[in-house]
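Report on one structure; see the data block that follows.
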Amino acid sequence: MCGIVGYIGNKNAYPILIKGLKRLEYRGYDSAGVALLNSKNELNIYKTKGKVSDLENFVADKDCSGTVGIAHTRWATHGEPNKINAHPHCSNSKNIALIHNGIIENYADLKEKLIQKGIEFKSDTDTEIIVHLIEYLLQKHNTNLLSAVQLALSSVVGAYAIAVLDKNNPDTIIAARKSSPLVVGIGEDEFFIASDASPIVEYTKKVIYLDNEEIACIRRGEEIKFINLKNIEVQHEIQEVLLDIGQLEKGGYAHFMLKEIFEQPACINNCMKGRVNVAHDNIKLSAVIDYQEKLVNAKRIIILACGTSWHSGLIGKYLLETYCQIPVEVEYASEFRYRNSVVGENDVVIAISQSGETADTLAAIELAKAKGAFIFGICNAVGSSIPRATHTGAYIHVGPEIGVASTKAFSGQVTVLAMLAMALGRSKNTISEKDYFEIIQELANIPQKMEKVLQLNEEIADLAKIFTYAKNFIYLGRGYCFPVALEGALKLKEISYIHAEGYPAAEMKHGPIALIDDEMPVVFIATNNALYEKVVSNMQEVKARKGRIIAIISEGDTKLNDIADFCIEVPQTLECLEPLITTIPLQLMAYHIAVCKGKNVDQPRNLAKSVTVE
Ligand code: F6R
């Protein structure tokens, strides 16, 4: 969702801002804009619908000088994607420019009041009210910019990360946040702001993450001042970002998504490093050691997440119930937060999020925390809002995920959930020695087995060509492979725009079977596990109705060759770890179908990587 970049220092701001916007492209957007203050103190604002490259073309013959500026990519919420609704928005005097990520819920009310005071609006956005409100309060109270921003933000309800530029304060950027992310980078005589650290790491590793309702007053040549809405000055420790610039680039792959699919073996190794110790036959998660009592005594676990993270949560349920004997509920964070959910002190909430910024998951955590639950986070983005809102947790350590469709984060989440189930099961004595040792050994084999699956890339690319015609797809699996079916369907629909449904295989005959004819591709995850024969029966039912079957099968299984139209053989593993292996061919298939259809794989239409609005 919307991306924010800002710069103040002694370099030309424009190239830094544009490069920063490109680093944030992965978040998803539909228009872009930039505001710069030049040496004559002129405020130049340029905006375009479309990509950052369209903005670059538009400004090619314009004045882009200046050592201070703010820039934005907009993901439309209020008002269609067009030039007028794009940010930065400008006050009526044309002195103040503002960019915003989030949603102002009481904007209609505030807009009405400002219109009554004679203020003119140009756009359909909720954002525009903030810039007019700041200017109105500046004049009304004859105050300074910082106080006007503080007053304005005290009147708005909703989520925001903003950055403000003012002609009358040419050496200043004011930035603030509530429920939308914002990070400040501290360089040598220069400062950066951004929605995440990716536009900043190239210049400095020193960052400060703003907390909710905090304002940063960034002045050239001075130390940054942080103040909250209650006018209390806040101190922050500078943190170091452990992000390598190479991780933010494609490294020879055609798309970030493909690179991230191929990174999975290395990611899983990284995720297990220092946690899975094969030589000593143990798994250690620091959070389970530090909070053992709280976790061991949990009467119930509630897993909260959205999208792909919700699918890994379902796998977590199977793992935790099997090996820890704790009842587990998996909830969509967006539903949980608006129900009168029964949560108490004996509940442990596991919140799963790649970005660590998903608005619904964050709000659900706050709600559960307020009701006394203990919160364990499983996140990827270090220092993001969700890990900061939880009591403890475990990072998945898979590196930045840039492709909008989540791939390696899913594998990292499943790996952490497996390690958590092992560590907790061991502490509770609910897992047998045999299972515990076997799973540890097999976890260590997973990266190698993933490498084998990745060797099927060409084969899957050829298969994808056959199915670009499809308008619909069904994905079926049982047990641990039911969430894999859901994930396979989600991957396909989000990047190829083919309608796809995932179901538990046995559920098919309760409705979806009506859809099956000789044009319907049906993907079965039919590996050699306890439910194999059951899945084969479901496959026969599809075959009898002439559905076109693609089966993910275990290496060496020849039984399904006569039933399935196409078989993809993957290495055998333990049933509880199968999602780590069987998801990869589905990711590759979705990728290649989308490429065959000429779709924008890394930035699919309408989608955002970091869903910071509800
Ligand atoms: C799917 C996808 C989304 C995210 C969902 C949650 O490929 O990327 O469904 O999984 O928006 O995002 P996080 O995990 O960042 O909370």
Query raised in the report: What about Val416, is it open to solvent by less than 10 Å² (accessible area, probe 1.4 Å), in contact (Cβ under 8 Å) with a residue 60 or more places away in the chain and within 15 Å of the ligand (Cβ to nearest atom)?
Result: yes
Report task. Run down Ala287, Ala254, Ala279, Ala298 and say which single residue is more than 16 Å from the ligand (Cβ to nearest atom) and open to solvent by 70 Å² or more (accessible area, probe 1.4 Å). Result -> Ala279
Query raised in the report: Is there a residue in region 320-334 that is among the charged types (D, E, K, R) and within 14 Å of the ligand (Cβ to nearest atom)?
Result: yes
**Report entry** Count - residues of region 483-510 that are open to solvent by 40 Å² or more (accessible area, probe 1.4 Å) and away from the ligand (no atom under 15 Å from the Cβ)
**Finding:** 7
Query raised in the report: within 16 Å of the ligand (Cβ to nearest atom) and without any contact (Cβ under 8 Å) to a residue 24 or more places away in the chain - does that describe any residue in region 394-406?
Result: yes
Query - Some residue of region 60-67 being among the polar types (S, T, N, Q) and over 23 Å from Gly185 (Cβ atoms) - result: no
Query raised in the report: Can you tell which of Ser31, Ser53, Ser39 is more than 30 Å from the chain's Cα centre (by Cα) and in the same structural domain as Ile103 (by TED's automatic domain parsing)?
Result: Ser39
Report summary line: Output for Cβ contacts, cut-off 8 Å, separation at least six or different chains, first residue over 13 Å from Lys491 (Cβ atoms) and within 12 Å of the ligand (Cβ to nearest atom) in region 594-614, second among the aromatic types (Phe, Trp, Tyr) and assigned to a loop (DSSP other than H, G, I, E, B), reads Ala608/Tyr29; Ala608/Trp75
Report task. Identify all residues within region 98-121 that are at negative phi and either among the acidic types (Asp, Glu) or over 32 Å from the mean Cα position of the chain (by Cα) (or both); write none if there are none. Result -> Glu105, Asp109, Glu112, Lys113, Leu114, Ile115, Gln116, Lys117, Ile119, Glu120, Phe121
Query - strands (runs of 3 or more DSSP E) fully within region 1-114 counting 1 or more residues that are open to solvent by less than 10 Å² (accessible area, probe 1.4 Å) - result: 3-8, 31-37, 68-74, 96-104
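Every residue, every condition in (1) more than 20 Å from Leu320 (Cα to Cα); (2) within 15 Å of the ligand (Cβ to nearest atom), yes or no:
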| site | (1), (2) |
| --- | --- |
| Ala351 | no, yes |
| Gly372 | yes, no |
| Gly377 | no, yes |
| Val382 | yes, yes |
| Lys408 | yes, yes |
Query raised in the report: What number of residues within region 191-212 are open to solvent by 40 Å² or more (accessible area, probe 1.4 Å) and within 21 Å of Ala159 (Cα to Cα)?
Result: 2
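The values are calculated or read from the model by the stated rules, or taken from the named source; none is laboratory data. Nothing here was measured: the structure is a model prediction, and the numbers come from that model. All Cβ positions, even for glycine, are placed from backbone atoms using ideal geometry, and neighbour counts span all protein chains on display. Side chains are part of the model used for accessible areas, which takes the heavy atoms of the whole protein and leaves out ligands, DNA and RNA. Shrake-Rupley method; radii C 1.70, N 1.55, O 1.52, S 1.80 Å.
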